[in-house]
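Structure first, commentary second.
The values are calculated or read from the model by the stated rules, or taken from the named source; none is laboratory data. If you're wondering where the values come from, they're calculated on a predicted model, not measured in any experiment. Counting neighbours? That spans all protein chains shown, and the Cβs are built from the backbone with ideal geometry, glycine included. Just the protein is used for accessible areas: all its heavy atoms, side chains included, with ligands, DNA and RNA removed. Shrake-Rupley method; radii C 1.70, N 1.55, O 1.52, S 1.80 Å.
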Amino acid sequence: MRSPRTLSAVSAVLTGTMALYIALVAFGNITDFGTNQQFVRHVLAMDTTFKDDDLMWRAITSTALQDAAYIAIIVWETLAALVLLASTALWCKSLRGGGSGIRRARRAGTVGLLMLMLLFGAGFIAIGGEWFSMWQSKSWNGLDAATRVFLLSGIVLVLTHLPASAERREPGSEG
């Protein structure tokens with residue numbers, strides 16, 4: 001039997017873990033801007049792929065556009081971290097209150113986790129991996145890391161939406 005309190009605690013810890021992760025990623029990208037800037041530039045330029053003429057038209061070689069994409073990624077990561085931190089605080093608060101606090105925490109967590117899934121799934125796996133053929137690069141391939149974050153975010157999302165035994169009872173039932 002899953003109690004609402006136990007699921008709230010699990011959700012708080014897991015959401016907090018994802019918040020910590022993406023906050024550290026954003027912090028690293030801000031304080032060590034050049035490292036992942038080079039990563040984004042190489043992926044978008046497609047300069048370490050197989051150089052297939054049928055694909056190279058997709059390459060973005062403008063450093064201004066590459067840097068704009070990188071800054072957009074950092075802003076998205078920062079916003080996701082803030083949403084997940086807020087959700088973690090709401091989960092912790094729900095441990096004392098329950099009810100509507102759980103719904104607010106779940107909503108905020110859902111938004112933050114979906115932000116991660118969009119960034120790592122649509123952004124890095126689909127667009128970076130397939131559109132810009134990142135999978136072809138031996139040196140600038142972030143698909144394993146992106147897949148890991150995408151899957152972890154999805155697992156946390158599913159776990160935070162598990163119904164507690166008290167939430168599963170039919171309206172009007174006793175117990």
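Figures for the structure shown
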quantity: Hits in the range 87-97 (condition: open to solvent by 20 Å² or more (accessible area, probe 1.4 Å), over 28 Å from Asp32 (Cβ atoms) and either touching a residue at least 24 places away in the same chain (Cβ under 8 Å) or touching a Leu at 6+ places or on another chain (Cβ under 9 Å) (or both)); calculated: Cys92, Leu95
quantity: Residue within the range 110-121 that is among the β-branched types (Val, Ile, Thr), within 11 Å of the chain's Cα centre (by Cα), within 25 Å of Leu7 (Cβ to Cβ) and surrounded by fewer than 19 Cβ atoms within 10 Å (Cβ to Cβ) present; calculated: yes
quantity: Residues that are buried (at least 20 other Cβ atoms within 10 Å of the Cβ), under 21 Å from Val111 (Cα atoms) and not β-branched (Val, Ile, Thr), drawn from the range 132-149; calculated: Ala146
quantity: Filter result for the condition that a residue is open to solvent by 50 Å² or more (accessible area, probe 1.4 Å), in contact with a helix residue (DSSP H, G or I) (Cβ under 8 Å, 6 or more places away or on another chain) and of a type in the set (A, V, I, L, M), over Leu79, Leu44, Leu84; calculated: Leu79
quantity: Test: residue in the range 40-55 that is among the aromatic types (Phe, Trp, Tyr) and part of a helix (DSSP H, G or I); calculated: no
quantity: Hey, Gly16 modelled with pLDDT of 95 or more and loosely packed, with under 15 Cβ neighbours inside 10 Å or not; calculated: no
quantity: Any hit, the range 24-37, residues being open to solvent by 40 Å² or more (accessible area, probe 1.4 Å), in a loop (DSSP other than H, G, I, E, B) and not β-branched (Val, Ile, Thr); calculated: yes
quantity: Inter-residue pairs, beta-carbon under 7 Å, first free of Cβ contacts under 8 Å to residues at least 60 places away in the same chain and in the range 119-144, second surrounded by fewer than 20 Cβ atoms within 10 Å (Cβ to Cβ) and basic (Lys, Arg), 6+ apart; calculated: none
quantity: Filtered residues of the range 59-72 (kept if under 15 Å from Trp131 (Cβ atoms) and either acidic (Asp, Glu) or surrounded by 15 or more Cβ atoms within 10 Å (Cβ to Cβ) (or both)); calculated: Ala59, Ile60, Gln66, Ala69
